[in-house]
Amino acid sequence: MRVRLLVGAWLVVAWVALWGSASAANVASGVVVAFVLLAVFPLHLTTRQGRFRPLQALRFFGYFLAKLVEANAVVAWEVVTPSNRINEGIVAVPVTGASDVLVSMVANVISLTPGTLTIEIRTDPHVLFVHVLHLHDIDAVRRDVTRLERYVLRAFGSDEAVIEVEARLAALDAASASQPGRTL
């Protein structure tokens, strides 16, 4: 009940902010809108399947910022150079599926970096379909997404999910080492 009240209060604040003034009419209509939204789209609260690790969260945000700068530089270079070196494709990447929230976080971070876009998320088993602007090595894309997932899970996931993603990344690295030079 407490969480529903907090979400409702946040919705009212967002409503008032969107209207730009805290008049009585805006607050009252915000309460009505929040009530209707919470009635139509009820919160499905589940037990938390992980924990917050502040140091790992800082590492995740640092990794994300570095990848964001790198991707922006690649896309900017593509824009200013006259030749067309784009080799786009879609890669299916299995993910741990620790929770829907963490899978969504991985998918959103992928979409926030220029040159990549999550097209679809499938469940049972969890698979992300990622559109890549410069696709040269499918296994490298899978390793990059799995590394990103590892950062997310280390920051916000359960210990079991971290162990699972570490094992999958080790298998990807081992497969890559046994097949050097496999590119498109």
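Nothing in this text is a laboratory measurement; each read-out follows from the coordinates by a stated rule. A quick note: this is a predicted structure, and the numbers were derived from the prediction, not measured. FYI the Cβ positions are ideal-geometry reconstructions off the backbone, even for glycines, and counts take in every protein chain you see.
For the stretch 61-117, the Kirkwood hydrodynamic radius from C-alpha pairs, put into Stokes-Einstein at 20 °C and a viscosity of 1.002 mPa s, yields a diffusion coefficient of 164 µm² per second.
For the chain, the longest principal axis of the alpha carbon atoms and the long axis of helix 138-156 meet at an angle near 40°. With contacts taken as Cα pairs under 8 Å and at least 6 residues apart, the chain reaches a relative contact order of 23 percent. For the stretch 101-164, what does the relative contact order come out to in percent, with C-alpha contacts under 8 Å and a separation of six or more? Result for the stretch 101-164 is 28 percent. Here the sum of -39500 (n - 2.57) over DSSP H runs of 4 or more residues, divided by the residues of the chain, equals -21000 deg cm²/dmol at 222 nm, to the nearest 500. With N as its number of residues, the chain has a Cα radius of gyration that, divided by 2.2 N^0.38 Å, comes to 1.29.
In this calculation the C-beta distance from Leu68 to Asp124 is compared with R0 = 25 Å, giving a FRET efficiency of 0.20. To the nearest ten degrees, helix 54-80 and the longest principal axis of the Cα atoms of the chain are 70 degrees apart.
In plain terms, the chain from Ala140 to Phe61 could stretch by 26.3 nm, reckoned as 0.36 nm per residue minus the Cα-Cα distance. Result for the chain in a Gaussian network model with C-alpha springs under 10 Å: among Val162, Val12, Val91, the largest mean-square fluctuation is at Val12.
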